[in-house]
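The values are calculated or read from the model by the stated rules, or taken from the named source; none is laboratory data. Model, not experiment: these values are computed from the prediction. Note that each Cβ is placed from the backbone with ideal geometry, even for glycine, and that neighbours are counted across all protein chains shown. For the accessible areas, the whole protein counts, side chains as well, though only heavy atoms, and no ligand, DNA or RNA atoms are used. Shrake-Rupley method; radii C 1.70, N 1.55, O 1.52, S 1.80 Å.
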Amino acid sequence: MSRRGRFVTLEGIEGAGKSGALAHLRGVLAAAGIGAVATREPGGTALGEALRALLLDHRNGMEADTELLLVFAARAEHLARVIRPALAAGRWVLCDRFTDSTYAYQGGGRGIPAARIVALEEWVQGPLRPDLTLLLDVPPELGLARARGREGGAEGASARDRFEREDLAFFARVREAYLARARAEPARFRVIDAARPWEEVRAALEEALAPLLAAWREEAGHGAA
Ligand code: Z5A
């Protein structure tokens, strides 16, 4: 029987550097002989990606509760078809955003009461939680500047998705909700100051991953693999 894999999530506001961090950690794990499943939310399955397109399309006005339910619908698929099977098969899963995004964006950003999110989390996930959550923390001004730096002028601005069109105050609420979650669950979260140069962020990511990796190797050494 194989041992359960490990579930690592990356969180942060837009432009925090999650995509680069995920690629880096995947490389770190590969160098350690661990082939991780890299995935994202909303998305990760065919239906999840279709729901992502609905959620991001700026032409789709929607109620905050509709947004919340679509995010969890995508998550239910993702868990059933990708995350749970991978973990059960002893694989590591690296996920760009997970339920902390929901608490931050739908809770902090949109103002949905946490109790609704808690109820859906219990329903869709049961007891499953990430083993480690890396929160890439940047001030919203910097995150938005980075993200908008990629856009390339007025044409890029008109291509912004539904979330990218939100203002600085929205992203400030999202960031604060993330930090509050990190304070409430210090054993699961590592907060990484992602305003620093990329080399420093990369080193901090490796340091944050190290205990989980060491525990995994130790388990293998005791014949749990
Ligand atoms: N959403 C939600 O509302 N509720 C939920 O439950 C879930 C999601 C799961 C799509 O997510 C949207 O879904 C998201 C919230 C919502 N919308 N927002 N905002 P997404 O993850 O696909 O979207 P994103 O956060 O906008 O992705 P992003 O802008 O690509 O962010 P990132 O992955 O964190 O950043 P990056 O692409 O790695 O880096 C951005 C740029 O900054 C890039 O040019 C890098 O080269 C540069 N960068 C990164 N780090 C550095 C450092 N350290 N120095 C200098 N430059 C850097």
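A few remarks follow.
- Test for TRP123: is it within 25 Å of ILE34 (Cα to Cα) and either of a type in the set (Phe, Trp, Tyr) or open to solvent by 40 Å² or more (accessible area, probe 1.4 Å) (or both): no
- Any hit, region 135-145, residues being open to solvent by 30 Å² or more (accessible area, probe 1.4 Å), more than 13 Å from the ligand (Cβ to nearest atom), out of contact with any helix residue (DSSP H, G or I) (no Cβ under 8 Å at 6 or more places or on another chain) and outside any loop (DSSP other than H, G, I, E, B): no
- Single condition ASN60 does not satisfy, out of (1) among the polar types (S, T, N, Q); (2) within 10 Å of the ligand (Cβ to nearest atom); (3) open to solvent by 10 Å² or more (accessible area, probe 1.4 Å): (2)
- Number of the condition not met by LEU212 [criteria: (1) aliphatic (A, V, I, L, M); (2) open to solvent by less than 70 Å² (accessible area, probe 1.4 Å); (3) within 30 Å of ALA64 (Cβ to Cβ)]: (3)
- Looking across region 1-27 at every residue that is more than 16 Å from the ligand (Cβ to nearest atom) and open to solvent by 30 Å² or more (accessible area, probe 1.4 Å), the one that is nearest to ARG146 (Cα to Cα) is identified as ARG4.
- For ILE83, the stated conditions do not hold, so it cannot be described as among the β-branched types (Val, Ile, Thr), within 16 Å of the ligand (Cβ to nearest atom) and within 17 Å of VAL174 (Cβ to Cβ).
- Against the conditions (1) surrounded by fewer than 17 Cβ atoms within 10 Å (Cβ to Cβ); (2) within 12 Å of the ligand (Cβ to nearest atom), THR99 satisfies every one except (1).
- Residue count for region 188-202 under the criterion of being under 19 Å from the mean Cα position of the chain (by Cα) and over 13 Å from GLY12 (Cβ atoms): the result is 3.
- Within region 146-169, if we keep just the residues that are outside any loop (DSSP other than H, G, I, E, B) and more than 10 Å from the ligand (Cβ to nearest atom), the residue that is most open to solvent (accessible area, probe 1.4 Å) turns out to be GLU155.
- Taking region 186-206 as the range and being over 10 Å from ASP137 (Cβ atoms) and assigned to a loop (DSSP other than H, G, I, E, B) as the test, the residues that pass are PRO186, ALA187, ARG188, ARG196, PRO197.
- Search result, residues across region 28-57 that are near the ligand (Cβ under 8 Å from one of its atoms) and touching a Pro at 6+ places or on another chain (Cβ under 7 Å): ARG52, LEU55
- Index of the failed condition, GLY48 passing every other in (1) within 21 Å of PHE72 (Cα to Cα); (2) open to solvent by 40 Å² or more (accessible area, probe 1.4 Å); (3) of a type in the set (Gly, Ala, Ser): (2)
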